[in-house]
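A.B. asks: My questions all concern the structure below.
What follows draws every value from the coordinates through simple rules; no lab data is involved. As the structure is a computational prediction, the values presented were derived from the model and not from experiment. Cβ: placed from backbone, ideal geometry, glycine included. Neighbour counts: every protein chain shown.
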Amino acid sequence: MNWLTPLGFLGFIGLLILLLIYILKPNYQNKQVSTTYVWRLSLKYRKKKIPISKLRNILLIICQVLIVCTCAFMLAQPFIAGEDKHSANEKIIVIDASGSMLAQVGGETRFERAIDQAKDLIDETFDKGSVVSVILAGKEATFIRQRATADMRDTLKREMDALIDPNDFKCTYGNADIDGSMTLAESVLEANAKAEVVLFTGTTYINDGKVNVRYVSDPGEKNVSIANVQAIREENYYRIEVDMFSYGQNYSGVLNVQITGAQGTYGVGDSTQSLNNETITIPCSVDLIKGERTKVRLGIKASYNVGELQIYAYDSIYCYIEEKDSLAIDNAFYLYGGTPQKLKIQYYSTLNNIFMNSMLLDLQDLLRDDWDIDIKTIKDSDSAIANGYGKEGEIEYEGYDVYIFEHRIPDELPTDGLVILLYPDEVPKSLALTLSQPKHLGGDGTVFTAGESHPIMEYVNASNIRSTKYKTITSYDSGYTPLLYANGEPVALAKNEADSKVLILTFNFHYSNFPIIPEFPTFMLNTLNYFIPTTFDKNIYNLYDKVVLNSRSELMTVAGPAFAETLEFETTPVEIYVDAPGSYTVTQTPISGNKIVDRFSVVIPEEQCDITRTVDTLTNPFYPTIIEDIDLDLVIYFAIALVTLLFCEWWLKSRDN
């Protein structure tokens, strides 16, 4: 019970007044008088009433004392305070684990300073008898501990120390899930809306709302960043562009550009060096203004006088600086893809198809960024067939990625690449299929229909394809997939197995509209992408990107800084997620037996390189409305008691009379 006006207890002075009244009250003395019979009877009756009269007097005094006490209590205004379940001492600690928190001064990172300061706050909160919640804002926000009490002090500290264990450092390289952390904080605020949210970070927030932001950056921090590297092809030569930043201070230093497998020329002054798959390192003196993007260009339209560089191919470009700054992870950048893999195609026909030749040349130009396509065409006449193939060239049965045979098919097919058969006269027994006799139709011929959904038929409208001369495939094994039908019978099959890659088209291109409609280039492009896919779709990925890997072999291996051990995949396509920057190597050995090595690089988000980054608004958690428990006012109850006591005092007084 609490008292709103404790001075009201002065009302107890009324007890002294009541006592004084009883002291000063006249005391009547007994006197003898003459008696009569009636008087004696009256006296007799009075004597019988004396015991009750004494009790009534005692009760009357008690009532009067209680009345005075009740009035004193009412003057003090008594109440029972509502229970307060919310404590402002409770802390919700959020630790930023983004890439910029790896910035360090004196060998200590921002992240380590944040952990140390958070541990001090935990001790302070436990000493006040309150509870603590800890949230790590990494790639995804997670609770380290939710509403821990003081008896968990040692356990929580061990968990905090584990976050900065050198063997399992929990600070990420990418963006932090601050919004997700605030969502987790809401679940704690539902239990205690007065809990304080404390964020340890190096990012400056102009408007941080109700969150208590504690900055762990150091005034001595600085960072030089290589944000991006591009190789832009112009006039058959590459121009290399490097985007750089300096944060915290201006920078003057050297950018080293190392080109591996360079092909072309490089000249300094009067000396010109011929490059034939060689490695060169070009130092570039750079002056960077704090916070401004600087673009360094080498090659065509160079912005720095580093000599005359003309390269038309390269294996990799490695840009790096030797500056010891606060954030080392953005001091280097790898770029791959300057030398497309070679794709060898052999086309053999006894009745050369000009449309196929044109299509191969178009594919050569269209896919030049992904493939260096080498085309060998063998034209063979009927007389040359009788003399054992070829006045203009001999058929090769190995060393090619794609073999195209039109009309005449050799008895033994190559096994180290994709085999495409166009209107074959006969098929080898090894293919396990049979053909009907040629069918000749008049007019516009028959309209084809599509088979089951297949990647090769994507964006190909089968109803646009017609032919007046074709064969149907009367039997085939389960490894083949029908792509096109003529009158319900298959005229195109595909098989894509580890040791057998075959595409069969059994209609004559010379009697079909297929080579002259848009479906033909789409069909051929889909064919190459299906049977001989590129390993991945680009050479640079951002952190946490999904990388889809395609393999042309039974086994693919992937190695890189995100993986403690080399990954192996037997089935593709496969999706991997990369959570560490650097260079990754993908190795595979297709049925040709020639090992293929592909590389891609992963870079951190550009904003994490900016260790002085300022953000307008910090997302705040939703704070529930605090409903305080209502204080119980006891005056009304004392008033009821007072009225009751007054009634009792009146009744006792009336009995006395």
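A.B. asks: Go through 298, 584, 198 and say which Cα lies farthest out towards the positive end of the charge dipole of the chain; charges sit on Cβ, +1 for Lys and Arg, -1 for Asp and Glu.
C.D. replies: Comparing the listed Cα positions along the dipole, 198 ranks first.
A.B. asks: Shifting gears a bit: Can you compute the FRET efficiency between residue 159 and residue 214 using 1/(1 + (r/R0)^6), with r the Cβ-Cβ distance and R0 = 25 Å? Round to the nearest 0.05.
C.D. replies: The computed FRET efficiency comes out at 0.80.
A.B. asks: How much net charge surrounds residue 546 when only other residues with a Cβ under 15 Å from its Cβ are counted (Lys, Arg +1; Asp, Glu -1)?
C.D. replies: -2
A.B. asks: Work out the P(r) tail for the range 132-187: percent of alpha carbon pairs separated by more than 14 Å, whole number.
C.D. replies: Value for the range 132-187 (Cα pairs over 14 Å): 57 percent.
A.B. asks: With point charges of +1 on the Cβ of Lys and Arg and -1 on the Cβ of Asp and Glu, referenced to the Cα centre of the range 341-531, which listed residue (438, 420, 490) lies farthest in the positive direction of the dipole?
C.D. replies: 438
A.B. asks: Checking the cross-link filter: which aspartates and glutamates have an alpha carbon closer than 15 Å to that of residue 170, excluding same-chain neighbours under 8 positions apart?
C.D. replies: Straight-line reach from residue 170, under 15 Å: 96, 108, 112, 116, 140, 159, 161, 579.
A.B. asks: Separate question: Taking the beta-carbon count within 10 Å as an exposure proxy, list 625, 468 from fewest neighbours to most.
C.D. replies: Placing the least packed residue first, the sequence is 625, 468.
A.B. asks: For the range 540-607, what percent of Cα pairs sit more than 15 Å apart?
C.D. replies: Of all Cα-Cα distances in the range 540-607, 51 percent exceed 15 Å.
A.B. asks: Sticking with this structure for a sec: Quote the Stokes-Einstein diffusion coefficient, in whole µm² s⁻¹, for the range 223-336, based on the Kirkwood radius over alpha carbon pairs, a temperature of 4 °C and a viscosity of 1.567 mPa s.
C.D. replies: 91 µm²/s
A.B. asks: Throw me the Rg/Rh for the range 341-531, computed over C-alpha atoms with Kirkwood Rh, two decimals.
C.D. replies: Over the Cα atoms of the range 341-531, Rg/Rh equals 0.93.
A.B. asks: Moving to a separate point now. Considering only DSSP beta bridges where both residues belong to the chain, give the percentage that are antiparallel (nearest 5).
C.D. replies: 70 percent
A.B. asks: As a check on your grasp of the helix formula, calculate [θ] at 222 nm for the chain: sum -39500 (n - 2.57) over DSSP H runs of n ≥ 4, divide by the residue count, round to the nearest 500.
C.D. replies: About -7500 deg cm²/dmol.
A.B. asks: As a footprinting exposure proxy, order 80, 611, 144 by other Cβ within 10 Å, with the fewest listed first.
C.D. replies: Placing the least packed residue first, the sequence is 80, 144, 611.
A.B. asks: Can you give me the Cα centroid spacing of the range 138-185 and the range 207-224 in angstrom?
C.D. replies: 19 Å
A.B. asks: How long are the three semi-axes of the equivalent ellipsoid for the chain, computed from the Cα gyration tensor as the root of 5 times each eigenvalue, in whole Å, largest first?
C.D. replies: That gives 95, 38, 18 Å for the three semi-axes.
A.B. asks: Determine the dipole magnitude for the range 540-607: charges of +1 sit on the beta-carbon of Lys and Arg, -1 on that of Asp and Glu, nothing else is charged, the reference point is the Cα centre, and the result goes in debye to the nearest 20.
C.D. replies: Charge dipole of the range 540-607: 300 debye, to the nearest 20.
A.B. asks: Still on this model: Just rank 56, 110, fewest to most, by other beta-carbon atoms within 10 angstrom.
C.D. replies: With the sparsest Cβ surroundings first, the list reads 56, 110.
A.B. asks: Just the Cα atoms of the range 527-567, one point each, no solvent: what log10 I(q)/I(0) does Debye give at q = 0.27 Å⁻¹?
C.D. replies: -1.11
A.B. asks: Compute, for the range 344-485, the length of the dipole vector about the Cα centre, with Cβ point charges of +1 (Lys, Arg) and -1 (Asp, Glu) only. Units Debye, rounded to 20.
C.D. replies: That gives the range 344-485 a dipole magnitude of about 700 debye.
A.B. asks: Distance check, please: which entries in 139/546; 139/194; 222/546; 344/495; 495/546 exceed 23 angstrom between their Cα atoms?
C.D. replies: Table pairs above 23 Å Cα-Cα are 139/194; 222/546; 495/546.
A.B. asks: Which of the listed residues, 5, 163, 371, is farthest toward the dipole's positive end in the chain, when Lys, Arg count +1 and Asp, Glu count -1 at the beta-carbon?
C.D. replies: The listed residue farthest towards the positive side: 5.
A.B. asks: Give, rounded to the nearest 20 debye, the magnitude of the charge dipole that the chain has about its Cα centre when Lys and Arg contribute +1 at Cβ and Asp and Glu contribute -1 at Cβ.
C.D. replies: In debye, rounded to 20, the chain gives about 6360.
A.B. asks: Name the shape class, rounded, prolate or oblate, that the alpha-carbon gyration tensor gives for the range 499-544, where a ≥ b ≥ c are the square roots of its eigenvalues, rounded holds for a/c under 1.5, and otherwise prolate holds if a/b is larger than b/c and oblate otherwise.
C.D. replies: Here the range 499-544 falls in the oblate category.
A.B. asks: Report, in degrees rounded to the nearest 10, the 0 to 90 angle that the Cα long axis of helix 519-531 makes with the longest principal axis of the chain.
C.D. replies: 70 degrees
A.B. asks: Mind listing the long-range amide H neighbours of residue 472? Cut-off is under 5 Å, sequence gap 5 or more, other chains count too, H placed in the peptide plane at 1.01 Å from N.
C.D. replies: So residue 472 has HN proximity to 436.
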